[in-house]
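Student: Next up is a structure, given as structure tokens.
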Amino acid sequence: MNVTRTTPPRPLDVAAVFPQLGPLARPAMRLHPRPGSPSPYDSSIGGPLLWPAHQPWLYCDMWHEGPAAPMLPVAQLYARDVPLLRPPGRADLLQVLWCPFEHPPEYKPPTKLFWRTAADVTDVLAAPPEPSGAEYDGYVPEPCVLAPEQITEYPDFLELSRELQQQLSDVSAWRAAGVVVDDSYAIAPQEFYGRELSVAPGWKVGGWPPWGLTDPVARFCVACGAAMSPLLTIPSYEWNDAGKGWVPYEDQARAAPGDDSASNPPGVQVSRGNHLQLYVCPKFPGTGHPHTDLIQ
């Protein structure tokens, strides 16, 4: 199944209006999961993994009652489909699994990452274990195929310098550049930046992380101290009513308020409506330098 999704262009080139943003631009790849029947040889959300038959499946036996729970596939991403991955060494495949139960103290589903070389997996596990339970249905992703699309992002408003925050919050600075600010944003034009011009919602690789539950928190590799990079955003929706400008052209006819079937095809709900952000060490991903994650 070939899926295409196209994000509408942003209402304006914000870096032309505020040149200080130009050096802060980052590529991101929106994954656009949509209902389908992926195989182990496809990139997917919630689909079957290219898992070696000889490798034991992962189970989690902590923090919940009953027998050990099998960890569940969350994402499988081939570098051919998502070139922003930059996998280590010969690897060309990223697999992400999680326990479908929240673990204290942060009360989030713990994740595991595997970087693989697909050609090395010649005997694929035929029957991975079925979910034995979950804290919420939203921790059992529905299988989805992907329509990766590269875009450009700018930092969340909270990550900007105080000077830039002040400029973006001043409607006269926008008007001086010839930008007509909608009346709904006239009092707080920084919300226009935040909702329509900076960080894209939804499943994505790379780019800038979303903030809101907390102020920005730098993440550092516990093995080498390097500043960690955003790898994957696992969201609770592809868009919401405040960010309808990010709805792909192909979905706009179905983007009715509150329609989760359109805005959340995998059915994932992270910590009751938040996002799980995965970070990796940019120097040594997948080589003993553990990833970290954060709920936002």
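Student: From the list Pro104, Pro87, pick out the single residue that is touching a residue at least 40 places away in the same chain (Cβ under 8 Å) and exposed (fewer than 15 other Cβ atoms within 10 Å of the Cβ).
Tutor: Only one candidate qualifies: Pro104.
Student: Report, by residue number, each residue of the stretch 1-33 that is surrounded by fewer than 20 Cβ atoms within 10 Å (Cβ to Cβ) and among the β-branched types (Val, Ile, Thr).
Tutor: Val3, Thr4, Thr6, Thr7, Val17
Student: Among the listed residues Pro141, Pro148, Pro129, Pro155, identify the single one that is modelled with pLDDT of 95 or more and touching a Pro at 6+ places or on another chain (Cβ under 6 Å).
Tutor: Pro141
Student: To continue, here is another question. Quick test of your reading of the structure: Phe18 fulfils all but one of (1) out of contact with any Phe, Trp or Tyr (no Cβ under 8 Å at 6 or more places or on another chain); (2) closer than 28 Å to Val121 by Cβ; (3) in contact (Cβ under 8 Å) with a residue 12 or more places away in the chain; (4) not aliphatic (A, V, I, L, M). Name the failing condition by number.
Tutor: (2)
Student: A follow-up question, please. Quick one: how many residues across the stretch 215-252 are under 15 Å from the mean Cα position of the chain (by Cα), without any contact (Cβ under 8 Å) to a residue 60 or more places away in the chain and outside any loop (DSSP other than H, G, I, E, B)?
Tutor: Number of matching residues: 3.
Student: Mind telling me which of the residues Gly202, Gly212 ends up being over 26 Å from Pro35 (Cα atoms) and part of a loop (DSSP other than H, G, I, E, B)?
Tutor: Gly212
Student: Hey, another quick one. In the stretch 1-15, what count of residues is obtained for those that are over 28 Å from Asp42 (Cα atoms) and touching a residue at least 12 places away in the same chain (Cβ under 8 Å)?
Tutor: Matching residues across the stretch 1-15 total 5.
Student: Please go through (1) within 22 Å of Pro9 (Cβ to Cβ); (2) part of a loop (DSSP other than H, G, I, E, B); (3) of a type in the set (Lys, Arg) for Arg272 and return the number of the only condition it doesn't satisfy.
Tutor: Looking at each condition in turn, Arg272 falls short on (1).
Student: May I pose another question? Would you confirm, using the coordinates I've provided, whether Leu113 is within 19 Å of the chain's Cα centre (by Cα) and touching a residue at least 24 places away in the same chain (Cβ under 8 Å)?
Tutor: For Leu113, the condition - within 19 Å of the chain's Cα centre (by Cα) and touching a residue at least 24 places away in the same chain (Cβ under 8 Å) - is met.
Student: Scanning the stretch 103-126 for residues that are out of contact with any Pro (no Cβ under 9 Å at 6 or more places or on another chain) and among the charged types (D, E, K, R), which turns out nearest to Cys60 (Cα to Cα)?
Tutor: Here the answer is Lys112.
Listed here are the residues, each with its yes/no results for (1) surrounded by fewer than 18 Cβ atoms within 10 Å (Cβ to Cβ); (2) small (Gly, Ala, Ser); (3) touching a Ser or Thr at 6+ places or on another chain (Cβ under 6 Å); (4) at pLDDT below 85.
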{"position": "Leu232", "(1), (2), (3), (4)": "no, no, no, no"}
{"position": "Gln252", "(1), (2), (3), (4)": "yes, no, no, no"}
{"position": "Gln277", "(1), (2), (3), (4)": "no, no, yes, no"}
{"position": "Pro285", "(1), (2), (3), (4)": "no, no, no, yes"}
{"position": "Ile295", "(1), (2), (3), (4)": "yes, no, yes, no"}
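Student: Also, quick follow-up: Checking Asn264 against (1) modelled with pLDDT under 90; (2) under 16 Å from the mean Cα position of the chain (by Cα): exactly one of these is not met. Which one?
Tutor: (1)
Listed here are the residues, each with its yes/no results for (1) touching a residue at least 40 places away in the same chain (Cβ under 8 Å); (2) within 20 Å of Val268 (Cα to Cα); (3) over 23 Å from the mean Cα position of the chain (by Cα).
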position	(1), (2), (3)
Leu50	yes, no, no
Ala91	yes, no, no
Ala126	yes, no, yes
Glu130	yes, yes, yes
Asp137	yes, yes, no
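Student: Inside the stretch 85-196, counting only strands (runs of 3 or more DSSP E) that do not spill past its ends, which hold 1 or more residues that are of a type in the set (D, E, K, R) and either in contact with a Phe, Trp or Tyr (Cβ under 8 Å, 6 or more places away or on another chain) or within 24 Å of Leu278 (Cβ to Cβ) (or both)?
Tutor: Output list reads 111-116, 149-153.
The values are calculated or read from the model by the stated rules, or taken from the named source; none is laboratory data. In this text the structure is predicted, and so the values were computed from the model without any measurement. Positions of Cβ are backbone-derived with ideal geometry, glycine not excepted, and every protein chain shown enters the neighbour counts.
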